[in-house]
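This report refers to the structure that appears directly beneath it.
The values are calculated or read from the model by the stated rules, or taken from the named source; none is laboratory data. Predicted, not measured: the structure shown is a model, and the values here were computed from it. Cβ atoms come from the backbone with ideal geometry, glycine included; neighbour counts cover every protein chain shown. When the accessible area is computed, the model is the full protein with side chains, heavy atoms only, and any ligands, DNA or RNA have been set aside. Shrake-Rupley method; radii C 1.70, N 1.55, O 1.52, S 1.80 Å.
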Amino acid sequence: MRFNIKTKRTNKVKNYEGDEAYTMSPAMELYASVVTTTLADKFYEKDQKRITRLRKLIAKNDPRFVAKLAVYAREQMHLRSVPLVLAVELAKVHRGDNLMSQTVARVVQRADEITELLAYYAVANQRKGTKQLNLLSKQIQKGLAQAFNRFDAYQLAKYNRATSIKLKDALFLVHPKAKDEAQQVIFNQLVNDTLPVPYTWETELSAQGQQTFANEADKQLAFRTKWEELIDSGKLGYMAMLRNLRNILEAEVSSDQLQKVCALLSDERAVARSKQLPFRFLAAYREIKALKLAESTMVLNALEAAVRASAANIPGFDENVRVLIACDVSGSMQRAISPKSKIQNYDIGLMLGMLLQSQCQRVITGIFGDRWKVINLLQGNILANVDELHRREGEVGYSTNGYLVVKDLIKCRKVVDKVMIFTDCQLWNSNGYRWSAPRWGGTASTETIAQLWGQYKQIAPEAKLYLFDLAGYGNTPLDIRGNDVFFVAGWSDKVFAVLQAIENGSHAVAEIKKIAM
């Protein structure tokens, strides 16, 4: 009998543009969704929809993997909000051991993350008013108590803010046991609102702003003096300095102080300790570039040196490996990563692409939208290269025709070893539709990147394609289960550690599972 035949299991779906795409395993989808999340609306997905999807994926995954992913997101990808979300959501479905307390203790690395976690707990459980923190998981309480023990008076005072849930509220809730008498004194000060005012740039400049000055010149002098004092104090942290470069320049600090700032910015050890996401340097670079000041060039050079230092440990490819880097600058990538940021998704792709380009000996680079365009750039200045590609994004249009990257390789019969595509993975073929995108009723495309990759493998059998997912929507334009197609996600330069793991025969999920808990 041949009527009731078996069907092959398929993982084909439609992406947000209605074109052919592929699902991922629950673990890989959760990983991609987590490391590309700032809890802000994306082009195709609102933040609440992302959280709903995260909840469903958490339920589908092993609790220990979810816990390790939360730690990975905080400790290696340097994300702050989404690890707290994972911890709270995991506590809803996992009980019975100390996994939760271990997870909470590791993802809470700043004092304000204690209250952020509790605030999300209240929102996630739809609790308000005086009972918003009722029935808090004992394991979450235990983890927060452990976190409290790590913070000194300065750290607690720095983040002791007048928010709806205060550090004092958290202290009463979790009852951390002081590790010694000195810490008990600090806890008492927190309760009694008598913690010493911390010496930070915020508190110092706030105090300065409350003073009265005879004229604008006196005010300018006072703020210049204060910035110079902060720089000389050695207590102005790397992130604070990076975010205040414009203020420092506009305060007209002395040449000596500005040289100190530039020396710290470009110091290799300081860069490594700062754990800055690459796009932070790009944001600072653009702020300074816009200033019409003679000192701007010195700071821009320091920022370039800082980024080169951050790229130094990226495992690149030598002259024996031919690399193609393609960056998606389509309309769906032109979305700010958060409401307060000027950095867009495609900026992150350009930044990661140029970091990798700086470490490759034989490399072709380009951007794609409606069209694919090769734009090769010198490898000296990473940030300048990003800005050059950003300036030229309009030259290729705004569809997401990533298939043209591979089609061009086939047309030219160009053999490369590595094809690196930085994208939101919502690729389609706008040239294959008579009227519109398929989601609006257009005709199915005749050429897809998946189909063309199969053809290209006939020309270059050893070639590998790497998808760098910058949005985490949960599907991919090629099947990542085979045919030398590999998957990496995230916005940090740590994505290149995953790339190296893939080169060594591993993959992202396997690397996360190696985290000790």
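Of all beta bridges DSSP finds with both residues in the chain, what is the antiparallel percent, to the nearest 5?
Numbers: 9 of 33 bridges.
Of all bridge pairs located within the chain, approximately 25 percent are antiparallel.
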- Message: Explain nothing, just the number: dipole magnitude of the stretch 192-241 about its Cα centre with +1 on each Lys and Arg Cβ and -1 on each Asp and Glu Cβ, in debye rounded to the nearest 20.
- Response: 60
- the stretch 90-227: relative contact order from alpha carbon pairs under 8 Å, six or more residues apart, as a whole percent, is 23
- Query: Once both labels are modelled 7 Å past Cα along the beta-carbon direction, what's the Asn313-Asn125 spacing in nm?
  - Reply: 3.9
- Query: Once Lys and Arg get +1 and Asp and Glu get -1 on their Cβ, which of Asn160, Ala122, Met100 lies farthest toward the positive end of the dipole of the stretch 98-167?
  - Reply: Ala122
- As straight-line cross-link partners of Lys128, the qualifying lysines (C-alpha separation under 17 Å, not fewer than 8 residues apart within one chain) are Lys166
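Pull out a ≥ b ≥ c, the square roots of the eigenvalues of the alpha-carbon gyration tensor of the chain, then state rounded if a/c is under 1.5, prolate if not and a/b is larger than b/c, and oblate in the remaining case. Write down the numbers at each step before the final one.
Working: a/c = 2.16, a/b = 1.31, b/c = 1.65.
It is oblate, given that a/c is not under 1.5 and a/b is not larger than b/c.
Given a Förster radius of 56 Å and the C-beta distance between Tyr154 and Gln455 as r, what FRET efficiency does 1/(1 + (r/R0)^6) yield to the nearest 0.05?
Values: r = 61 Å, r/R0 = 1.09.
Approximately 0.40, to the nearest 0.05.
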- Query: To the nearest Å, what is the center-to-center distance of the stretch 256-272 and the stretch 81-119, using C-alpha atoms only?
  - Reply: 35
- Query: Can you tell which of Gln334, Ala272, Thr297 lies farthest toward the positive end of the dipole of the stretch 225-360, using +1 and -1 charges on the Cβ of basic and acidic side chains (Lys, Arg; Asp, Glu)?
  - Reply: Gln334
- Query: Which residues' amide hydrogens lie under 5 Å from the amide hydrogen of Phe487, considering only partners 5 or more residues apart or on another chain, with H built in the peptide plane?
  - Reply: Leu467
- Along the charge dipole of the chain, which of Asn11, Leu195, Gly349 sits closest to the positive end, that is, farthest toward it, with unit charges on the beta carbon of Lys, Arg, Asp and Glu (+1, +1, -1, -1)? Asn11
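What is the gain in length, in nm to one decimal, between Val321 and Ala162 on full extension, counting 0.36 nm per residue of separation less the C-alpha to C-alpha distance? Walk me through the numbers on the way to the answer.
On the way: separation 159, 0.36 × 159 = 57.24 nm, distance 5.50 nm.
Taking Val321 through Ala162 to full extension adds about 51.7 nm, to one decimal.
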- Message: At 0.36 nm per residue, and after removing the present C-alpha to C-alpha distance, how many nm does the segment from Gln184 to Ala294 gain when stretched out fully?
- Response: 34.5 nm
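Report, in debye and to the nearest 20, how large the dipole of the chain comes out about its Cα centre when Lys and Arg carry +1 and Asp and Glu carry -1 on their Cβ.
Details: 71 positive and 54 negative charges, 464 e Å.
About 2240 debye.
Measuring with a 1.4 Å probe in the full set of protein chains, what accessible area per residue, in whole Å², belongs to the chain? Intermediate values should be presented prior to the final figure.
Working: 24220 Å² over 517 residues.
With all protein chains present, the chain gives 47 Å² per residue.
If R0 is 51 Å, what FRET efficiency do you get for Leu205 and Lys177 from their C-beta distance, rounded to 0.05?
Values: r = 37 Å, r/R0 = 0.72.
Calculated transfer efficiency: 0.90.
Let me know the charge dipole size of the stretch 162-319 about its Cα centre in debye, to the nearest 20, where only the beta-carbon of Lys, Arg (+1) and Asp, Glu (-1) is charged.
Roughly 440 debye, rounded to the nearest 20.
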- Message: With the cut-off at 1.5 for a/c, could you classify the stretch 81-210 from its C-alpha gyration tensor as rounded, prolate or oblate?
- Response: prolate
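What does the C-alpha gyration tensor say about the overall shape of the stretch 248-311? Classify as rounded when a/c is under 1.5, otherwise prolate if a/b is larger than b/c, or oblate.
Working: a/c = 2.23, a/b = 1.43, b/c = 1.56.
Verdict is oblate for the stretch 248-311.
What is the calculated FRET efficiency for Arg95 to Thr446, with r their C-beta to C-beta distance and R₀ = 51 Å, to the nearest 0.05?
Details: r = 52 Å, r/R0 = 1.03.
Taking R0 as 51 Å, the efficiency between Arg95 and Thr446 is 0.45.
Of the cross-linked pairs Lys289/Lys418; Lys68/Lys177; Lys42/Lys260; Lys14/Lys342; Lys42/Lys373; Lys289/Lys407, which ones have a Cα-Cα span greater than 28 Å in the structure shown? Present the calculation step by step, with values, prior to reporting the outcome.
Working: Lys289/Lys418 34 Å; Lys68/Lys177 26 Å; Lys42/Lys260 39 Å; Lys14/Lys342 31 Å; Lys42/Lys373 26 Å; Lys289/Lys407 37 Å.
Listed pairs above 28 Å: Lys289/Lys418; Lys42/Lys260; Lys14/Lys342; Lys289/Lys407.
Which percent of the accessible heavy-atom area of the chain goes to carbon and sulfur, probe 1.4 angstrom? Write out the running numbers ahead of the final one.
Values: 11880 of 24220 Å².
Carbon and sulfur atoms account for 49 percent of the accessible area of the chain.
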- Item | Chain lengthening between Met517 and Asp193 when straightened (0.36 nm per residue, less Cα-Cα) | 113.1 nm
- Starting from the Cα of Lys56, step 7 Å along the direction of its Cβ; do the same at Arg246; then give the gap between the two resulting points in nm. 4.0
- Message: How far apart, in nanometres, would the label points at Thr225 and Gln259 be if each is projected 7 angstrom from Cα along the Cα-to-Cβ direction?
- Response: 2.4
